Each structure stands twice: as structure tokens, then as C-alpha cells.
1. Of (1) assigned to a helix (DSSP H, G or I); (2) surrounded by fewer than 17 Cβ atoms within 10 Å (Cβ to Cβ), residue 5 satisfies all except one. Which?
2. Restricted to region 41-82, and to residues that are over 18 Å from residue 29 (Cα atoms) and hydroxyl-bearing (Ser, Thr, Tyr), which residue is surrounded by the most Cβ atoms within 10 Å (Cβ to Cβ)?
3. Scan region 84-136 residue by residue and report those that are part of a helix (DSSP H, G or I), under 20 Å from the mean Cα position of the chain (by Cα) and at pLDDT 85 or above.
4. Within the bounds of region 65-75, is there any residue that is among the aromatic types (Phe, Trp, Tyr), within 16 Å of residue 104 (Cα to Cα) and in a strand (DSSP E or B)?
5. Between 27, 20, 33, which is under 22 Å from residue 108 (Cα atoms), of a type in the set (Asp, Glu), crowded, with 17+ Cβ neighbours inside 10 Å and not assigned by TED's automatic domain parsing to the domain that holds residue 105?
6. Which count do you get for residues in region 98-141 that are touching a Lys or Arg at 6+ places or on another chain (Cβ under 9 Å) and aromatic (Phe, Trp, Tyr)?
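The values are calculated or read from the model by the stated rules, or taken from the named source; none is laboratory data. Predicted model only: the values in this text are computed from it and were never measured. Cβ placement follows ideal geometry from the backbone for every residue including glycine, while neighbour counts extend to all protein chains displayed.
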Amino acid sequence: MADIEIKNMVKLFTVLLLSEKEQYGYEIMKEVEKKTGKKVSPGQIYPFLKQLKKYDYVETKGRAERDKQAYYLTPEGRKFVARLSDKFGDMFAIAIKPKLTMCAHCSCEIYKGGYKERINGRLLSFCCENCAKGYRMLNTQ
Ligand SMILES: [Zn+2]
């Protein structure tokens, strides 16, 4: 099976975002819109996520409805991103340039301050304590 071809920025950003942390499809859509400055439709995101899943590059967790599923990279997916990184080089470096910190729960941008908490061994940034609480409830058993 030939590897997935990354032929546009939407796909490139999608895998980049997934390489940072697990994401919901709509979060990817919003972020890609922000990064490209263009409107992104579900039709540009979900079929690609489905393709990534078919290749075992991503796994999903959460409920079956597509908006309730979080996508995350598998070890194979990480290798795929590494291959892309070799191929795209500079473009990759530019795409992942430093950016504002985002709340790990609601994805809003944290301009200053915010709230940090260690959850599941990772120090995460949140916009407020309530988001940290929400995140903790969703991500710990
Ligand atoms: Zn928040």
C-alpha cells in the first residue's frame, strides 16, 4: 500500500496538529482555518482523518459520533510524520513555529497567566481552573 500523499496545506496542518496532541475533528478544522486563514469544511478534514485511520496512523477514542471522537497518532503515525518532516523540511519548521499557548480543554488562546495543572503526568495549560477540572473529568478514570 503506497503511503498517504500530502498534497495541500490542510492535510499538512492536520498531521502537524495531531503530532502535538490528540484532537477532535472540529478542533483541527478551527486550527487549520486559523493557520491557513481560509475557510475549512468538514469534507476537507474527516475523509482525510478516515484515510489516516485506515492506514493505522491514527486511532480514535470517545463516542461513535464523529464530533465526539478524539484522534491521536499511533506509533506508525509518528513515523509517518517523521517521514513528512524529512520531505518537507523548512516548510515543516515554519508551520510549527512558536505560537500562543492554547487551553488544553477548550482550545482558547491563553494570552497571559492562565492556569497550569499536572494531569496524567503532563503539565498542561488551561485558561482557567474550570477547564482544568473539565479536562480532568474527561481524561482520568
Ligand atoms: Zn479553557
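1. Evaluating residue 5 over (1) assigned to a helix (DSSP H, G or I); (2) surrounded by fewer than 17 Cβ atoms within 10 Å (Cβ to Cβ) leaves (1) as the failure.
2. The extreme case among them is 57.
3. 84, 131, 132, 134, 135, 136
4. Taking region 65-75 as the starting set, the residues that turn out to be among the aromatic types (Phe, Trp, Tyr) are 71-72.
Subsequent filtering for residues that are within 16 Å of residue 104 (Cα to Cα) retains 71-72.
Filter once more, so that each one left must be in a strand (DSSP E or B): 71-72.
Yes, because at least one residue in region 65-75 is among the aromatic types (Phe, Trp, Tyr), within 16 Å of residue 104 (Cα to Cα) and in a strand (DSSP E or B).
5. Details: 20 fails: crowded, with 17+ Cβ neighbours inside 10 Å; 33 fails: crowded, with 17+ Cβ neighbours inside 10 Å.
Every option except 27 fails the conditions.
6. So the count comes out to 1.
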